[in-house]
1. Looking at segment B:60-75, which of its residues are hydroxyl-bearing (Ser, Thr, Tyr) and either modelled with pLDDT of 95 or more or over 19 Å from B:Val117 (Cβ atoms) (or both)?
2. Return the total of residues in segment A:24-57 being among the hydroxyl-bearing types (Ser, Thr, Tyr), surrounded by 13 or more Cβ atoms within 10 Å (Cβ to Cβ) and farther than 27 Å from A:Glu179 by Cα.
3. Among the candidates A:Thr148, A:Thr180, A:Thr184, single out the residue that is within 12 Å of chain B (Cβ to nearest Cβ), over 14 Å from A:Ile13 (Cα atoms), surrounded by fewer than 16 Cβ atoms within 10 Å (Cβ to Cβ) and hydroxyl-bearing (Ser, Thr, Tyr).
4. Take the residues of segment A:151-173 that are surrounded by 15 or more Cβ atoms within 10 Å (Cβ to Cβ) and among the small types (Gly, Ala, Ser): which is nearest to the other protein chains (Cβ to nearest Cβ)?
5. If a residue has to be over 18 Å from A:Lys112 (Cβ atoms) and either at pLDDT below 75 or within 12 Å of another protein chain (Cβ to nearest Cβ) (or both) to count, how many in segment A:1-23 make the cut?
6. Being in a helix (DSSP H, G or I), modelled with pLDDT of 95 or more and of a type outside the set (S, T, N, Q) is the requirement here; does B:Leu156 meet it?
7. With respect to B:Arg140, is the statement that it is under 21 Å from B:Asp30 (Cα atoms), basic (Lys, Arg), out of contact with any Lys or Arg (no Cβ under 7 Å at 6 or more places or on another chain) and not in a loop (DSSP other than H, G, I, E, B) true?
8. Considering only residues of segment B:78-106 that are small (Gly, Ala, Ser) and at negative phi, which is modelled with the lowest pLDDT?
There are 2 protein chains.
Amino acid sequence: MSLVLDFQRKRGILFVVSGPSGVGKDTVLDRSLQNMEGIIKSVSATTRPPRDTERSGIDYFFYTQERFETEIADAAFLEYENYGSHFYGTPLAPVEQSLAEGTDVVLKIEVKGALNVKQLLPATRLIFIQPPAFSVLEERLIGRGKDTPEKIQQRLEIAKGELDARREYHYLITNDNLETAVNTLCAIIIAERHRIQPESS
Amino acid sequence: MSLVLDFQRKRGILFVVSGPSGVGKDTVLDRSLQNMEGIIKSVSATTRPPRDTERSGIDYFFYTQERFETEIADAAFLEYENYGSHFYGTPLAPVEQSLAEGTDVVLKIEVKGALNVKQLLPATRLIFIQPPAFSVLEERLIGRGKDTPEKIQQRLEIAKGELDARREYHYLITNDNLETAVNTLCAIIIAERHRIQPESS
């Protein structure tokens, strides 16, 4: 007697991780993926110039404005958005290839893009990382010293809007302790791999 | 700004764990709960006589047939079933009290009872534990030496029916390695505690 269920997943699972700027989502995500097999982080494409330590193909694919627009026209993005004066997008082909091979994929994207992906691919699991308190976000943004006071205020306004979108997500992680947040994200990934009804929300 | 979502769960979560006889679900469940806080195993009531090491109120509540029937009439069971010549049931009051206090509760019950609970309380999360292969089940049932060959055949027939019911469950754990199975069950419990849309399936 075979124990394999006909509706068990062979394709990889697509996860989306979002959260306001300063919440520490890169650290939570990177540490979680260090511990896990069969899952990769999607590399986004952007038109903004590389920062000091950023490497093309690892941190981002750095596209010219012209190339980005061509790829939009070719429907080569799973989602893309225009933030500030730069474009950010998720190239569709590598995501689709990984999923088809049975590898899970994580997109770290903003709320608007996340909701677009959810609409396009309803089996996507959306995870929101929030700070323990809104004031913590402000402290962290000031503390990391990357932004002007005006920029920080702008980020906080955006964060408020993003927090309103949490109810569209499937899971909520509060990053008050890095180890707990990492364990929780790993737990969500493991649990989703054992779901019998992957298509339901 | 408050970060609490109005639809975040204050009540405990009700989990159901099922699986064929011999799959090792007691061991998986007991080891998982050892590692976790805020979750308890519900104690079932039964009319069958206690076995050697069983303690009333810990392994089972041992009821007389008369008392069991009175409690059925009083709607005091969340679910009950008649297996062989004995009744087994989940007393409702302690489950409801724990959930109301925000404590998660696990019921270890058979498939029929599980599906009744799911219908009654749709937010219940159903977890099925299966053997790595059907032959393993037979070996384990023979190996533990508790049953006659006829009884083992009967248990295997029941197991086939139970495996068919897996698609009604939310999660499937294959118990091919105890530690992995325990980690998976813990992961499912942690993940469910972080769900934003607890009422959906």
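The values are calculated or read from the model by the stated rules, or taken from the named source; none is laboratory data. Being a predicted model, the structure only gives us computed values, none of them experimental. FYI the Cβ positions are ideal-geometry reconstructions off the backbone, even for glycines, and counts take in every protein chain you see.
1. As a first pass, look at segment B:60-75 and keep what is hydroxyl-bearing (Ser, Thr, Tyr): B:60, B:63-64, B:70.
Scanning segment B:60-75 gives B:Tyr63, B:Thr64, B:Thr70.
2. Qualifying residue count, segment A:24-57: 2.
3. A:Thr180
4. A:Ala159
5. Filtering segment A:1-23 for residues over 18 Å from A:Lys112 (Cβ atoms) gives A:1-13, A:22.
Filter once more, keeping what is either at pLDDT below 75 or within 12 Å of another protein chain (Cβ to nearest Cβ) (or both): A:1-9.
Of the residues in segment A:1-23, 9 are over 18 Å from A:Lys112 (Cβ atoms) and either at pLDDT below 75 or within 12 Å of another protein chain (Cβ to nearest Cβ) (or both).
6. Answer is no for this residue.
7. Yes, satisfied.
8. Among those residues, the one meeting the criterion is B:Ser85.
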